[in-house]
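Student: After the structure tokens below, expect a handful of questions from me.
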Amino acid sequence: MRIQVTAEARRDWRAILRYLQQKFGPATEQQAIILLQQLFANLLRNPGRGRPVKSEVYPDLRVCILKKSLVFYRVSEGVIRVVRIMDGRQDPRRWLAL
């Protein structure tokens, strides 16, 4: 099993990190990076731990909460594909056609 992060999720994560760094400083940004790494390690051990989400665009979509962010992912053929990482205040229906 491996983790693959889509280009959209990478852009999402960079924007979140930029915001955290500007608003709260580099220590908070680094803490967020560590939390995401821990989440990925947990997903590798238990890919089904996220809550299922119905989506017209992404079948078998799941979500995990990471502090104030939502990590949306799919599991297929030995790959955990992270499709989006959103701030919890965003409307996921807009981006994921839920």
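Every number here is computed from the coordinates shown, using simple stated rules; none is lab data. Everything numeric here is computed off the predicted structure, so don't read it as measured data. Cβ coordinates were reconstructed from backbone atoms using ideal geometry, including for glycine residues, and neighbour counts include every protein chain displayed.
Student: Determine whether region 15-29 contains at least one residue that is of a type in the set (Lys, Arg) and exposed (fewer than 13 other Cβ atoms within 10 Å of the Cβ). Walk me through it before giving the result.
Tutor: Looking only at region 15-29, we keep the residues that are of a type in the set (Lys, Arg), and these are 18, 23.
Narrowing further to those that are exposed (fewer than 13 other Cβ atoms within 10 Å of the Cβ): 18, 23.
Yes, region 15-29 has at least one match.
Student: Then there is this: Any residue in region 29-52 that's at positive phi and in contact (Cβ under 8 Å) with a residue 12 or more places away in the chain: show its pairings with residues that are of a type in the set (Phe, Trp, Tyr) and not in a helix (DSSP H, G or I) at Cβ separation under 8 Å, as long as the two are six or more apart or on different chains.
Tutor: Between residues of region 29-52 that are at positive phi and in contact (Cβ under 8 Å) with a residue 12 or more places away in the chain and residues that are of a type in the set (Phe, Trp, Tyr) and not in a helix (DSSP H, G or I), there is no close pair.
Student: Step by step: first the residues of region 53-85, then only those that are among the charged types (D, E, K, R) and in contact (Cβ under 8 Å) with a residue 40 or more places away in the chain, then the one that is nearest to residue 14 (Cα to Cα). Which residue is that?
Tutor: In the first step, residues of region 53-85 are kept if they are among the charged types (D, E, K, R); the result is 54, 56, 60, 62, 67-68, 74, 77, 81, 84.
If we keep only those that are in contact (Cβ under 8 Å) with a residue 40 or more places away in the chain as well, we get 54, 56, 81, 84.
Numbers: 54: 26, 56: 26, 81: 17, 84: 12 Å.
Ranking the qualifying residues of region 53-85, first place goes to 84.
Student: Report whether or not residue 66 is within 12 Å of residue 82 (Cβ to Cβ) and surrounded by 14 or more Cβ atoms within 10 Å (Cβ to Cβ).
Tutor: Considered against the rule, which asks whether it is within 12 Å of residue 82 (Cβ to Cβ) and surrounded by 14 or more Cβ atoms within 10 Å (Cβ to Cβ), residue 66 comes out as yes.
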